[in-house]
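Below is one structure; the comments refer to it alone.
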Amino acid sequence: MKLILSRKGFDSSAGGCPNPVFPDGRFLALPIPDDQSPIRYGQIQHQGHSIGRLVSQLTGKPAFSRKGAHLDPDVIEDAFPRQPGWRPMLGQHSSAQAHLVNCGVGQGDLFLFFALFRPVEKYRGRWRFVPGSRAFHAIWGWLQVGEVWPLDGMTEVPPWAAYHPHLHGERSRQNCLYVGSDRLDLPGVEMKKTGAGIVGRLTNPQRLTAPDAVQVTDWRLPAVFMPRPGQQPLSYHHNLARWRVDDSPDYCRLKSVARGQEFVLDLDDYPPVMDWLISSGLFVSPDEPV
């Protein structure tokens, strides 16, 4: 089984700002802009409200709500009107998809989505980032692969999937959809969770950026991620100079690459990472206690 740390959501280049963490600890990973998408920010819902105004206020661009939104990964059922049969999906193409193929990612493998976040607050009736607060990387959701649809060789898709941005505009020949499994299936344990979803609140187990980090790419990971002799490190992080032991024996530090979307780890080489996945609380849904 493979674990994929997948960068998805707003950042300084795609969208122009971090994603919001609200005062109650909940959060929203904002879909990046996409002129080829048929979906507009104003059509996407969060807790029953359009995110158009929120996006416009955080970016400081009033017209942002009318821009095309790349709703992908699409793992929240009530974020957009659905047709019967809808399932969560993740699209990928170009060099990032080629990397997933080269790493053998397929059915049963698990994507953990991470993004850049920063606390927000209401000020004079508008959302803004909390002055003096710092951005950080954190894991916000997951998708376990149930099916893989290579779109360049697929003649048609089910009607419920026709809205997806990867089916509109011009995408590369590597264009592909990963469809979520019905249930989360991890070896040796019954999770009783859906195959895709978002975490409850961004607490310590979800946070990647170290608490004392100067840069958001300075990650503090559980020690079980630390490469040992004979183990293949997390993809794009084969340079062992990027890794070091943390002051606490329970953690290690990683200087994460600044760019790149899909970082793959083969869990056959790292069995203790599976134990961490099961015990981490990552799969607690927003409506469950955390």
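No value in this document is a laboratory result; all are computed from the given coordinates. Note that the structure is predicted; figures quoted are calculated from it, not measured. Virtual Cβ from ideal backbone geometry, glycine too; neighbours counted across all protein chains shown.
Below is a table of values for the structure above.
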{"read-out": "Whether the range 1-91 is rounded, prolate or oblate, judged on the alpha carbon gyration tensor where a/c under 1.5 counts as rounded", "value": "rounded"}
{"read-out": "Point-charge dipole on Cβ atoms (K/R +1, D/E -1) for the range 1-95, about Cα centre, debye to 20", "value": "80"}
{"read-out": "Only Lys, Arg (+1) and Asp, Glu (-1) charged, at Cβ; the range 230-285 dipole about Cα centre in debye", "value": "380"}
{"read-out": "Stokes-Einstein translational diffusion, the chain - Kirkwood Rh over all Cα pairs, 0.890 mPa s, 25 °C, in µm²/s", "value": "125"}
{"read-out": "Base-10 log of normalised Debye intensity for the range 44-196 (one unit scatterer per alpha-carbon) at q = 0.16, 0.17, 0.19 Å⁻¹", "value": "-1.06, -1.15, -1.30"}
{"read-out": "Dipole of the chain, positive direction: furthest Cα of Ile76, Pro23, Val199, with charges on the beta-carbon", "value": "Pro23"}
{"read-out": "Charge context of Asp250, other residues only, Cβ under 15 angstrom, K/R +1, D/E -1", "value": "+1"}
{"read-out": "Kirkwood-Stokes translational diffusion coefficient of the range 238-283, alpha-carbon pairs, 10 °C, 1.306 mPa s, µm²/s", "value": "125"}
{"read-out": "The range 243-257 - phi-based ³J(HN,Hα) in whole Hz, Karplus 6.51/-1.76/1.60, Gly and Pro as x", "value": "10, 7, 6, 7, 4, 8, x, 7, 9, 10, 10, 9, 7, 5, 5"}
{"read-out": "Cβ-derived FRET efficiency at R0 41 Å, Met1 paired with Trp127, nearest 0.05", "value": "0.55"}
{"read-out": "Selection from Phe129, Pro271, Gly85, by position along the positive dipole direction of the chain (Cβ)", "value": "Phe129"}
{"read-out": "Per DSSP, loop GluC sites (Glu not before Pro) in the range 104-180 with at most 16 further Cβ within 10 Å", "value": "Glu156, Glu170"}
{"read-out": "Histogram of C-alpha separations across the range 160-210, 5 Å bin width, %", "value": "4, 13, 14, 14, 16, 16, 15, 6, 1"}
{"read-out": "Dipole in debye (nearest 20) - the chain, about Cα centre, beta carbon charges: Lys, Arg +1; Asp, Glu -1", "value": "1260"}
{"read-out": "Convex hull volume of the range 49-136 per residue (C-alpha atoms, cubic angstrom)", "value": "156"}
{"read-out": "Whole-Hz ³J(HN,Hα) from phi, Karplus 6.51 cos²θ - 1.76 cosθ + 1.60, for the range 167-183, glycine and proline x", "value": "9, 10, x, 9, 10, 6, 5, 7, 3, 7, 10, 9, 9, x, 6, 5, 10"}
{"read-out": "Calculated P(r) of the range 171-290 - Cα pairs past 24 Å, %", "value": "37"}
{"read-out": "Gly200 long-range amide H proximity, modeled H, under 5 Å", "value": "Val284"}
